[in-house]
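Trainee: One structure follows; several queries about it will come next.
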Amino acid sequence: MRRDNTKEKGDDMSGLKKLIAAAGAGAILVSGLAANVSAVESYDPYSYDRWGDAVASQVGYTAEYFVDGQSINGLAEVIEAMDGFNAEKASWQELLGLKEPADMYVSADDLMYIADKGNNRILVTDLDFNLVNYMDTFHYNGEELTLKKPEGVFVDQYTGYIYVCDTENSRVLKSDKDGNVDRIFEKPVSEIYSQDLTFNPKKVAVDKAGNVYIVVKSVTKGSVMYDINGEFLGFFGANRVEATSEIIANAFWNTISTESQRARSTKTTPVGFSNFDIDDEGFIYTVTESSDVKTDTVKKLNPKGQNILSAITADDVTFGDISPAYYSIYTKESALTDIDIGPNGEMNILDFAHGRIFQYDKLANLMFVMGGTGEQLGTFRSATAIESHDNMLYVLDSRKNSITVFKRTAFGEIVTKATNLYNDGYYEESYEPWLTVIKYDGNYRRAYIGIGNALLNAEQYKDAMKYFKISISRVRYNRAYEGYRGQVLEKYFTPAILIIIIVCVAVKVLKTLSRKGIITFPWQRRRGA
C-alpha cells in the first residue's frame with residue numbers, strides 16, 4: 001500500500017521505531033564496514049555531493065566481460081559457409097568480427113540486435129551472444145535490397161517489426177525477422193521539409209500507435225515523424241535554443257535592424273538531438289550530444305512533444321559530469337550520445353566524451369557513475385550505444401568493435417531496491433535498505449535523504465533533522481524542524497497551561513481567604529504592628 005506523510009501510522013510503525021532505536025545515531029556515519037562489492041575496477045567510481053564536488057563512491061555495476069565478433073557463437077560458421085569464402089582475404093576476415101558497430105537494441109523477446117555499420121549487416125543474438133539471425137539482404141516487391149552503413153536499429157515490441165536505419169542509402173526499412181520489407185521510409189516530399197536537406201537517418205524509434213520517429217543528421221527541428229501508414233507528419237520534440245549572451249545580443253539588434261540587415265544576420269537554430277529511447281508508457285527520452293549546449297541535454301517528451309522532465313528537474317540537474325575535465329591544452333565537456341530507459345524508469349546515459357555511464361532514477365537523481373576512457377575492461381575508446389536488461393548493462397564501442405557487459409553489484413542492488421521503494425512512496429519500507437547503503441558508502445547522499453524522509457514519515461522529527469543536516473537538505477530540514485517544534489509545543493503546552501491555571505486559582509483563593517481574615521500573611525502582621 002502506498003503511503004505518504006499525511007496518512008495515519010499503523011502497527012508497522014512500531015517495527016520501524018524499533019529499528020530506529022536499535023540503529024541509534026551512531027549509524028549515521030558508518031562507512032567502509034562492508035567489503036568492496038566488486039573486483040578492482042579500471043576506473044575510480046565516484047558520485048557528487050550537495051555542492052557538486054566529486055566524492056569517492058562504491059561501484060554500482062562492474063564490468064564482467066566483453067564480446068567481439070569472434071566471441072559471437074555461430075558467426076564464424078555462417079561466414080565460412082558463404083560462397084567464395086577465403087580466410088586469407090582481409091574483407092572476409094572483417095566479416096568474422098564487428099566493424100564500426102553503430103547501434104544495438106534489446107527486444108522484448110530478449111534478443112540483441114546489432115547494427116554492424118562497417119560490415120553492412122544486422123546481427124541478431126541471444127543475451128548469451130549465440131547467433132540467432134544474420135541479416136545482410138532484404139526483399140521488397142521482388143527486389144533484393146542491401147544495406148549501406150546502417151547506424152540504427154529498433155524492434156517494435158508490439159508487432160515484432162524490425163526498423164533499420166539504412167543510413168547511406170537514405171532510407172529506413174521496416175522488415176519482418178525474415179528480411180521481408182513491409183515499408184520503406186524515405187525523404188519526405190513536403191513544404192516543411194527543405195529539399196536542400198539530405199536524409200541520412202541514424203536512429204529510429206516507434207511508439208505504441210505505430211508512429212515512427214527518425215533522427216536525421218541534417219535536421220535540427222526534432223525527429224522526423226511518420227504515421228503508421230508512412231505519411232510524413234512533421235517534426236517532433238525540437239530542442240530549445242539556449243539563451244546565451246550572444247543570442248540575447250542578436251535578438252536585441254534584430255529589433256532595431258533593417259529588414260536587409262536582418263536577412264544578412266546569422267540565423268539561430270537549435271541543436272538536433274543525437275539519440276532517443278521510448279519507455280513502456282510511450283514517453284520518448286532524448287539526449288543531445290553537443291558539449292556547447294546545456295539546455296535540453298536530456299528530455300522526456302509526452303505525445304505533444306512537451307518536455308515533462310523539466311517539471312521534475314526545473315532545469316537544475318546537470319546530466320553527465322557536473323564539471324568539465326581540464327587538460328593541459330583543452331577542456332573536455334560531457335557529450336551525451338545515447339540513452340536507455342530501464343524497467344523502473346531509470347535513465348542510463350552514455351557519455352561519449354569521457355566513456356562514462358551515468359545512471360539516474362526516474363526523478364533524475366544520480367545513482368551511479370561507471371566507466372572511463374582507456375583500453376582496460378570497463379573503459380571505452382568510442383562509446384556508441386547502451387542497452388539494459390534486468391540487472392545488466394551493455395555498452396557498444398565502435399572503435400574497440402566490442403560490447404562490454406556490466407552486472408549490478410550487491411551495492412547496486414541495495415541502492416536500486418531502496419530507490420524504487422522510496423520513489424514509489426514506500427518511505428518506511430525504504431528505511432532499512434537506505435541504512436544498509438550507508439554501511440557500504442558513507443558518502444551516498446541520497447541514502448541520508450531517504451532515511452530522513454522515512455523518519456519524517458514516522459514523525460521522528462528530531463532524528464530526521466540529523467539526517468537532513470548531514471545531507472544538507474535545507475527544505476527537508478525545515479519541514480522536520482517544524483514538525484519537531486509542533487511536538488515540543490504539544491508536549492509542554494497543556495502542562496504549562498494547567499500550571500498557570502492552578503497558580504491563578506491558588507492566588508485568587510488565598511486573596512479571598514486573606515480578605516475574610518481566615519488566614520494572615522506575614523507582611524500583613526508586620527503592617528498591623
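Any read-out appearing in this document is the output of simple, stated calculations on the displayed coordinates, not a laboratory observation. Worth saying up front: this structure is predicted, and the values here are computed from it rather than measured. Positions of Cβ are backbone-derived with ideal geometry, glycine not excepted, and every protein chain shown enters the neighbour counts.
Trainee: State, to one decimal in nm, how far the label point of ALA87 lies from the label point of GLU490, with both points 7 Å from Cα in the Cβ direction.
Mentor: 8.0
Trainee: Continuing with the same structure: Compute the length gained on full extension between ASP68 and LYS208: take 0.36 nm times their separation in residues and subtract their Cα-Cα distance, giving the result in nm to one decimal.
Mentor: So the extension gain works out to 47.1 nm.
Trainee: Are there any trypsin sites (Lys or Arg not before Pro) in the stretch 347-389 that are in a DSSP loop and have at most 15 other Cβ atoms within 10 Å? List them by number.
Mentor: Answer in residue order: ARG381.
Trainee: With a Förster radius of 51 Å, plug the Cβ-Cβ distance of ILE322 and ILE228 into 1/(1 + (r/R0)^6) and report the FRET value to the nearest 0.05.
Mentor: With a Förster radius of 51 Å, E is 0.80.
Trainee: Quick check: pseudo-label points 7 Å beyond the Cα along Cα→Cβ at THR520 and TRP51, how many nm apart are they?
Mentor: In this crude label model, THR520 to TRP51 measures out at 7.5 nm.
Trainee: Suppose R0 equals 41 Å. What FRET efficiency, 1/(1 + (r/R0)^6) with r the Cβ-Cβ distance, do LYS304 and ASP136 give to the nearest 0.05?
Mentor: FRET efficiency, LYS304 to ASP136: 0.55.
Trainee: Below 10 angstrom from the Cβ of GLU375, what's the summed charge of the other residues (Lys, Arg +1; Asp, Glu -1)?
Mentor: Net of charged neighbours comes to +2.
Trainee: Once both labels are modelled 7 Å past Cα along the beta-carbon direction, what's the GLU80-LEU197 spacing in nm?
Mentor: Calculated label separation equals 4.8 nm.
Trainee: How do TYR113, TYR158, TYR461 rank when sorted from fewest to most other Cβ atoms within 10 Å of their own Cβ?
Mentor: TYR158, TYR461, TYR113
Trainee: Of LYS99/LYS221; LYS148/LYS221; LYS462/LYS491; LYS174/LYS202; LYS117/LYS177, which ones are farther than 21 Å apart at the Cα?
Mentor: LYS99/LYS221; LYS148/LYS221
Trainee: Net charge within 14 Å of ASN443 by Cβ-Cβ distance, Lys/Arg positive one each and Asp/Glu negative one each, not counting ASN443 itself?
Mentor: 0
Trainee: Summing Lys, Arg as +1 and Asp, Glu as -1, what charge do residues with Cβ under 11 Å from the Cβ of ASN365 carry, ASN365 excluded?
Mentor: That works out to +1.
Trainee: Moving on. Using only the alpha-carbon atoms of the stretch 75-208, report the extent along each of the three principal axes, biggest first, to the nearest angstrom.
Mentor: Its Cα atoms span 52, 32, 29 Å along the three principal axes.
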